[in-house]
Amino acid sequence: MRPSKSAKRDAERPIFRSGFVSFIGRPNVGKSTLMNALVGEKVAITSARPQTTRHTIRGMVNHNNGQLIIVDTPGIHRPRTLLGERLNALAKSTLGDVDVIGMCFPADEPVGKGDRFISEQLEMYPRAIKVAIVTKTDVASREKTAARLLEVSELRDWTAIIPVSALTDGNIGEFASTLIALLPEGLALYDVETTTDDDTEKRISELIRESLLETVQDELPHSLAVTVDEMVEREDKDLLEIYANIFVERDSQKAIIIGHGGSRLKDTGAISRRAIEALLGRHVFLSIRVKVAKDWQRDPKKLERLGF
């Protein structure tokens, strides 16, 4: 019996895959930068500071043969505060639901104890396919990259080991195709025009926090939290007014954020406003206040009010 024409068409139709992948690794291995490169726009803030990511962010990558949903989570670390414990719990709960876990290793740094600790934690997630991603190949020599690939291969039996540079865009398209091929068959889970499901207020507050991370020092980055109180459309002109708060834990930290004569807060506002206007595609008025919430990282009620 000959197959019908519709059966032939079904057989010729390319398989569409969709699912979730999460990148993990110790701090500063390039997880958020890699996510932004794959999505094609900035959906997660980046910084050289540890624990930059504080909530789950989803970014969508759409190809003809599949939809890849990248779930960026806080890095797994040894927590010192209640906030750290909650971030760890968030990361671990997310990993239990994804289809693929990509563990990132920077090409310019040797595999260390932190990497081995996280690799061991992967045993807790038997459902997910595990791949190793050697990042930052643009800043490492071929010899260093080759050495890192060998080190990584000895950690466990990975489904794939992939070298990539998020900054030079060397093989980002190929990388995305490799990940999509590991996903289950299924329909697109988000509209193809969607790049992230993060709400606008959260993205604005993160851009403000990002502008601070590169200018403050010591432990202050961990003590920063940003909220958006209100967004108001001006009736007399095409302008969006945004009222935000920066929270710190001590009065001395508040003085650092404000700076001499308010200089640092003014610079933060200018940098943040430009980033927000680029995100929204319109002019905004940005008002930022600095407030003290004593020891908020250790206080469950204050953590709740700040969205953690």
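The values are calculated or read from the model by the stated rules, or taken from the named source; none is laboratory data. Quick caveat: nothing in here was measured; it's all calculated off a predicted structure. As a convention, Cβ positions derive from the backbone with ideal geometry for all residues, glycine included, and neighbour counts pool all protein chains shown.
Only residues that are modelled with pLDDT of 90 or more and β-branched (Val, Ile, Thr) were counted in region 16-43, giving 2. Of the residues screened, Ser205 is one that is of a type in the set (Gly, Ala, Ser) and closer than 30 Å to Tyr243 by Cα.
State the number of residues belonging to region 162-203 that are in a loop (DSSP other than H, G, I, E, B), touching a Lys or Arg at 6+ places or on another chain (Cβ under 7 Å) and not acidic (Asp, Glu). The total comes to 4. Among the residues of region 84-130, the one identified as within 17 Å of the chain's Cα centre (by Cα), farther than 28 Å from Ala181 by Cβ and among the charged types (D, E, K, R) is Arg86.
Take Ile208 and tell me if it is at negative phi, in a helix (DSSP H, G or I) and either surrounded by fewer than 19 Cβ atoms within 10 Å (Cβ to Cβ) or of a type in the set (Val, Ile, Thr) (or both). Yes, satisfied. Within the set Thr268, Thr227, the sole residue that is under 30 Å from Asp299 (Cβ atoms), in contact (Cβ under 8 Å) with a residue 60 or more places away in the chain, assigned to a strand (DSSP E or B) and not assigned by TED's automatic domain parsing to the domain that holds Arg127 turns out to be Thr227. Among residues belonging to region 72-105 that are modelled with pLDDT of 90 or more and in contact with a helix residue (DSSP H, G or I) (Cβ under 8 Å, 6 or more places away or on another chain), point out the one that is farthest from Ala146 (Cα to Cα). For region 72-105, the residue satisfying everything is Val100.
In region 53-61, is there at least one residue being in contact (Cβ under 8 Å) with a residue 12 or more places away in the chain, more than 13 Å from the chain's Cα centre (by Cα) and more than 23 Å from Glu304 (Cβ to Cβ)? Steps first, please.
Within region 53-61, the subset in contact (Cβ under 8 Å) with a residue 12 or more places away in the chain is 53-61.
This time we only want the ones that are more than 13 Å from the chain's Cα centre (by Cα), so: 61.
Those left that are additionally more than 23 Å from Glu304 (Cβ to Cβ): 61.
Within region 53-61 (the criterion being in contact (Cβ under 8 Å) with a residue 12 or more places away in the chain, more than 13 Å from the chain's Cα centre (by Cα) and more than 23 Å from Glu304 (Cβ to Cβ)), the answer is yes, since at least one residue qualifies.
Cβ-Cβ contacts under 6 Å between residues 6 or more apart (or on different chains), taken from a first residue in region 283-306 that is under 19 Å from Pro79 (Cα atoms) to a second residue that is surrounded by 15 or more Cβ atoms within 10 Å (Cβ to Cβ) and of a type in the set (Ser, Thr, Tyr), are listed as Gln297/Thr81; Arg298/Thr81. Among the residues of region 230-254, the ones that are over 17 Å from Val290 (Cα atoms) and assigned to a strand (DSSP E or B) come to 5 in all. Quick check: is even one residue across region 182-190 modelled with pLDDT of 95 or more, of a type in the set (A, V, I, L, M) and surrounded by 14 or more Cβ atoms within 10 Å (Cβ to Cβ)? Checking region 182-190: at least one residue is modelled with pLDDT of 95 or more, of a type in the set (A, V, I, L, M) and surrounded by 14 or more Cβ atoms within 10 Å (Cβ to Cβ).
Say whether the condition of being free of Cβ contacts under 8 Å to residues at least 40 places away in the same chain, assigned to a loop (DSSP other than H, G, I, E, B) and more than 22 Å from Leu306 (Cβ to Cβ) is met by at least one residue in region 63-71. Checked region 63-71: no residue is free of Cβ contacts under 8 Å to residues at least 40 places away in the same chain, assigned to a loop (DSSP other than H, G, I, E, B) and more than 22 Å from Leu306 (Cβ to Cβ). Residues of region 125-153 that are surrounded by 20 or more Cβ atoms within 10 Å (Cβ to Cβ) and in a helix (DSSP H, G or I): Thr137, Arg148, Val152.
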